[in-house]
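The values are calculated or read from the model by the stated rules, or taken from the named source; none is laboratory data. From a predicted model like this one, the values you see are computed outputs, not experimental measurements. Using ideal geometry, Cβ is built from the backbone for each residue, glycine included, and neighbour counts are taken over all protein chains shown.
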Amino acid sequence: MLETIGLIFIGLGLAFDVFGCIGMVRLPDVYLRLQAGTKCVTLGTCGILFGTFLIMGFSAGGIKALLCMFFIVLTNAVSAHAIARSAHKAGVKMWEGTIVDHYAEDQGEKK
Amino acid sequence: MKRMAVMTGCYLTWCFFNWVPGLQALIIGLPVAALVVYLTENIPYGKVSALHFQPGRHLRFIFHYMPIFWWEHFKANVEVAYRVLHPRLPIRPAVVRVKTELKTDIGLTLLANSVSLVPGTTSVDLDHEKGILYVHCMYVSPTDVDGVAKRRVQRFEKILVKIFE
């Protein structure tokens with residue numbers, strides 16, 4: 001039973017990882033690719049690791065999977081934020097379809 | 001105090017990585033944890049406030065906030081997957097400013113990281129004095145530019161205000 005649920009989690013995780021990779025290729029600029037590359041992969045990888053944990057239980061491998069989940073959730077958010085901010089500060093152009101950029105407006109006022 | 005906390009955290013992580021920890025692993029872990037504390041001494045930590053030592057808040061965070069967060073995360077993931085797979089790529093990206101009422105460091109950190117972690121929005125920067133969060137959105141509706149980001153931020157904010165203010 002647990003094994004089946006674990007396999008379902010792994011399957012879902014793989015699906016979201018694939019969507020993330022497709023997004024990396026299809027989306028037009030840094031910020032949008034960042035979204036596909038970090039977020040979809042967070043849920044995907046966490047799903048795979050959680051499935052692994054369900055199948056292996058509280059053994060050596062299962063506990064390591066849980067720890068990896070924890071660290072992925074911690075680091076992904078921070079790294080996504082850091083990359084987005086530094087890209088904006090470095091003046092990476094946004095896609096021409098971008099509607100509005102309040103951040104650039106407010107930064108412009110300060111200078 | 002800070003060193004003890006870092007040391008304990010490192011040692012626990014070490015023990016979990018060596019599950020089930022035998023005597024050998026337990027003994028080796030102590031000098032390794034001490035080494036990590038020594039090497040990371042120059043990294044400035046935030047101020048340790050009283051909020052860190054109230055287990056009730058931690059429990060509410062885990063059992064009230066986390067389920068809602070993961071549900072939002074899942075919903076947003078499905079939405080982003082739909083936008084990515086759609087042949088015409090229906091995206092309208094924008095950076096919008098969102099006001100936040102949170103004042104404490106830990107609350108702001110958790111809010112910004114939650115927004116970053118949910119697909120479709122990334123927090124780009126935070127204006128601490130004015131309490132403004134700059135959010136990059138994958139899709140904004142044509143009539144109401146900052147509506148999507150605002151709804152999402154407020155959803156998390158409502159709970160975080162209760163827990164951390």
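Just a few scattered comments:
- For the range A:20-41, the candidate set comprises residues that are out of contact with any strand residue (DSSP E or B) (no Cβ under 9 Å at 6 or more places or on another chain) and touching a residue at least 24 places away in the same chain (Cβ under 8 Å); within that set, the residue that is farthest from B:LEU89 (Cα to Cα) is A:VAL41.
- B:MET66 fulfils the conditions (1) surrounded by fewer than 15 Cβ atoms within 10 Å (Cβ to Cβ); (2) modelled with pLDDT of 85 or more; (3) within 24 Å of A:VAL78 (Cβ to Cβ); (4) not assigned by TED's automatic domain parsing to the domain that holds B:HIS128 except for a single criterion, (4).
- Qualifying positions in the range A:54-74 - among the aliphatic types (A, V, I, L, M) and in contact with a helix residue (DSSP H, G or I) (Cβ under 8 Å, 6 or more places away or on another chain): A:LEU54, A:ILE55, A:MET56, A:ILE63, A:ALA65, A:LEU66, A:LEU67, A:MET69, A:ILE72, A:VAL73
- Subset of the range A:56-90 (residues that are more than 30 Å from B:ASP125 (Cβ to Cβ) and within 7 Å of another protein chain (Cβ to nearest Cβ)): A:ALA60, A:ILE63, A:LYS64, A:LEU67
- Per-region count, the range B:17-46, residues modelled with pLDDT under 85 and either in a helix (DSSP H, G or I) or under 23 Å from the mean Cα position of the chain (by Cα) (or both): 7
- Look at (1) more than 10 Å from chain A (Cβ to nearest Cβ); (2) part of a loop (DSSP other than H, G, I, E, B); (3) closer than 21 Å to A:TYR31 by Cα and you find that B:VAL145 fails only one, number (1).
- Any hit, the range B:99-121, residues being without any contact (Cβ under 8 Å) to a residue 12 or more places away in the chain and part of a loop (DSSP other than H, G, I, E, B): no
- Identity of the residue in the range A:80-96, under 21 Å from B:VAL98 (Cα atoms) and touching a residue at least 12 places away in the same chain (Cβ under 8 Å), that ends up surrounded by the most Cβ atoms within 10 Å (Cβ to Cβ): A:ALA84
- Selection count, the range B:80-90, where residues are more than 7 Å from every other protein chain (Cβ to nearest Cβ) and either in contact with an Asp or Glu (Cβ under 9 Å, 6 or more places away or on another chain) or crowded, with 16+ Cβ neighbours inside 10 Å (or both): 1
- Test result for A:THR42, at pLDDT 85 or above and surrounded by 20 or more Cβ atoms within 10 Å (Cβ to Cβ): yes
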